[in-house]
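My structure is below; once you've seen it, I'll send some questions.
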Amino acid sequence: MLVVLKENSFEVGREAARIVASSLRANPKSVLGLATGSTPLGMYEELIALHKSTGLDFSHATSFNLDEYLGLAPDNPQSFHYFMHEHLFRHVNVKPENIHIPDGTITGNYDTYCCSYEQAIRDAGGIDLQILGIGRNGHIGFNEPTSSLGSRTRLKVLTKETIDDNRKSFAPGEKVPECAITMGIGTILEAKRVLLLASGSSKATSIAQAIEGPVTASVTASALQHHPDVTFIVDQQAGAQLRHHDYYARVLRLTAELTPDRL
Ligand code: GLP
């Protein structure tokens with residue numbers, strides 16, 4: 001695992017965008033796994049800026065989002081569909097037919113729908129680069145604590161803690177969804193490369209547990225310890241409880257010297 005410590009959330013976004021852009025330049029047909037939340041916003045802003053200033057091309061790329069709230073239609077401003085169109089898709093030249101986001105409006109036949117989402121990922125050749133944020137309780141996507149580490153895309157009941165965190169984006173009194181459709185841990189682990197971004201002190205405990213704690217379904221991000229190519233990009237606050245800062249810095253320095261392609 002590579003652990004990249006950055007000064008602040010702006011630098012986290014810039015570094016993540018640099019990696020996404022170099023993946024797109026090396027392979028214009030890249031299949032990107034995308035995340036929502038406040039953490040990747042800086043990355044999306046930077047990607048839009050690169051598209052406008054350098055012509056970074058999304059026209060051959062395909063995307064699969066991690067998750068969507070159950071019960072929210074794409075035009076609902078709180079939906080992840082709306083988020084992605086607002087913060088990335090409408091600003092770049094990605095083809096609408098290449099965008100995939102779980103459908104939050106399905107009712108019943110969840111397994112059939114979720115299997116078709118998994119099949120679409122396979123049909124696209126698998127995810128080349130998966131972007132992740134992390135929940136305060138260590139979740140990735142909406143894989144809440146005690147999710148199976150082998151889980152696939154499925155309907156997931158959200159914890160009270162996550163519902164409370166999500167409430168911030170909803171108007172007072174508005175009903176906050178209790179369930180979501182999310183890629184599973186097994187789905188995420190099949191991506192060829194994974195980038196997990198984190199900023200702010202509220203993520204410090206879950207980041208330390210994910211990187212330096214035991215692999216456990218209680219902190220689903222810790223399953224990434226099984227992935228052969230994962231990079232954590234965290235700011236000072238999110239990295240505050242990590243114990244091996246000096247080692248991570250030396251690994252980065254020597255990786256840049258010996259195997260720069262890994263960065
Ligand atoms: C939700 C999303 C996650 C995201 C998390 C953290 O739970 N399903 O993908 O990582 O929120 O969000 P934020 O970046 O706003 O802290």
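Bear in mind these aren't lab numbers, they're just calculated from the coordinates by the rules spelled out. In this text the structure is predicted, and so the values were computed from the model without any measurement. Don't worry about glycine lacking a Cβ; one is built from the backbone with ideal geometry, like all the others, and counts go over all protein chains shown.
Where Lys and Arg each count +1 and Asp and Glu each count -1, what net charge lies around G13 among other residues with Cβ under 11 Å from its Cβ?
-2
Taking the Cβ of H87 as the center, what net charge do the other residues with Cβ under 12 Å away carry, scoring Lys and Arg +1 and Asp and Glu -1?
After counting each charged neighbour, the total is -2.
Taking amide H atoms as placed 1.01 Å from N in the peptide plane, list the residues 5 or more away in sequence, or in a different chain, whose amide H sits under 5 Å from that of H100.
Sorted by chain and number, the residues that satisfy this are S63, F64, N65.
For the chain, what is the mean residue ellipticity at 222 nm derived from helices alone (per DSSP H run of n ≥ 4: -39500 (n - 2.57); sum divided by total residues; nearest 500 deg cm²/dmol)?
-10500 deg cm²/dmol
Enumerate the residues in the stretch 54-89 having an amide nitrogen under 17 Å from the point lying 7 Å beyond the Cα of E174 toward its Cβ.
What the label zone holds, given the 17 Å backbone N cut-off, is 68-87.
Shifting gears a bit: Go ahead and collect, in residue order, the members of the stretch 2-23 whose backbone nitrogen is under 16 Å from a label point 7 Å along the Cα-Cβ direction of V251.
2-6
If you don't mind, another one. For the stretch 94-211, calculate the relative contact order in percent as a whole number, restricting contacts to Cα pairs under 8 Å that are 6 or more residues apart.
35 percent
What is the stretch 98-249 by shape, rounded, prolate or oblate, if you read a ≥ b ≥ c off the alpha carbon gyration tensor as root eigenvalues and call it rounded for a/c under 1.5, prolate for a/b larger than b/c, and oblate otherwise?
Oblate.
For the stretch 112-137 and the stretch 192-263, compute the distance between their C-alpha centroids and round to whole Å.
Centre-to-centre (Cα) distance: 21 Å.
Defining a contact as two alpha carbons under 8 Å apart and six or more residues distant in sequence, what relative contact order in percent does the chain show?
The value is 25 percent.
Suppose we look only past 19 Å in the calculated P(r) of the stretch 208-263. What percent of the Cα-Cα pairs does that tail hold?
Result for the distance tail: 36 percent.
Then there is this: Starting from the coordinates of the alpha-carbon atoms of the stretch 45-110, obtain the Kirkwood hydrodynamic radius over all distinct pairs and give the value in Å to one decimal.
In the stretch 45-110 this quantity evaluates to 12.8 Å.
Please list the helices of the chain that count as membrane-span-like by this rule: a mean Kyte-Doolittle hydropathy of at least -1.0 together with Cα atoms stretching 15 Å or more along the helix axis, each helix being a complete DSSP H run.
Those that pass (Cα extent of 15 Å or more, hydropathy at least -1.0) are 9-26, 41-54, 110-123, 245-258.
Separate question: For a footprinting-style exposure proxy, rank K192, K52 by other Cβ within 10 Å, fewest first.
K52, K192
Work through the residues other than R122 whose Cβ is under 13 Å from its Cβ and net out their charges, Lys, Arg +1 and Asp, Glu -1.
-2
Normalised radius of gyration for the stretch 1-158, please: alpha carbon Rg relative to 2.2 N^0.38 Å, two decimal places.
Here the answer is 1.04, to two decimals.
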